[in-house]
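Shown below is the structure under consideration.
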Amino acid sequence: MTTATGKTPVKKTAVEPKAADAPKGDGKTTCLVCGKPLVRGSKDGMGATCREHQGKIRKYARQAEVAPEGWIGMSVVCREFRDAGIPISKVVTAAGGDACTKPTLDPVFDVVYVGRRKYMHPEVLTKGMKLLSSSAKATSPAKAIKASALKS
Ligand SMILES: [Zn+2]
């Protein structure tokens, strides 16, 4: 049986994956620097952010064999801030960015790396939280960072 129009139904073909220079990330390959999964693949084993920050990575963080006494894992810190209604991105920015490539907002946000894990001073939950919650209302984070840079 033929259709009235004589058209053959257009069969939608699956979109062919675009050929990329970089091998496709399989979700299991992780960045050599930060350990995050490489979603888009990578030629040099590094994520785009880490490549961009190369040489600056962890510039403003310390490295230690073990976390200093009482220091808290970054994931715990982020959870506490989130529960307090402060976006995690603000904490990350205050702590010098994802890979500590920028100075911290305040020494209370200083980061210590133990391997790839980040640790923060316990006072970040009190003093640090106060700093971020007040700056959230009063000034933009950029202004707050500028002000703290002028102070020091
Ligand atoms: Zn990375």
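Calculate, in nm to one decimal, what LYS130 and LYS36 gain on full extension: separation in residues at 0.36 nm each, minus their alpha carbon distance.
On the way: separation 94, 0.36 × 94 = 33.84 nm, distance 2.99 nm.
Between LYS130 and LYS36, full extension yields an extra 30.9 nm.
Next question. In a shell of Cβ-Cβ distance under 15 Å around ALA61, excluding ALA61 itself, what net charge do Lys and Arg (+1) and Asp and Glu (-1) give?
Details: positive: LYS56, ARG58, LYS59, ARG62, LYS102, ARG116, ARG117, LYS118; negative: GLU65, ASP98, ASP106, ASP110.
Net local charge, ALA61 excluded: +4.
While we're here: Using only the C-alpha atoms of region 57-147, find the volume of their convex hull and express it per residue in Å³. Kindly include the intermediate steps, with their values, before the conclusion.
Values: hull volume 7.2 nm³, N = 91.
Roughly 79 Å³ of hull volume per residue.
Quick one: 3J(HN,Hα) in Hz for region 38-54, Karplus 6.51/-1.76/1.60 with θ = phi - 60°, rounded, Gly and Pro as x.
Ordered by residue, 3J(HN,Hα) equals 8, 5, 9, x, 7, 7, 10, x, 10, x, 4, 5, 5, 5, 4, 8, 3 Hz.
Read the figures in this text as sums done on the coordinates, not as results from a lab. These numbers come from a predicted model, not from an experiment. With ideal geometry, Cβ positions are generated from the backbone for all residues, glycine too; neighbour counts draw on all protein chains shown.
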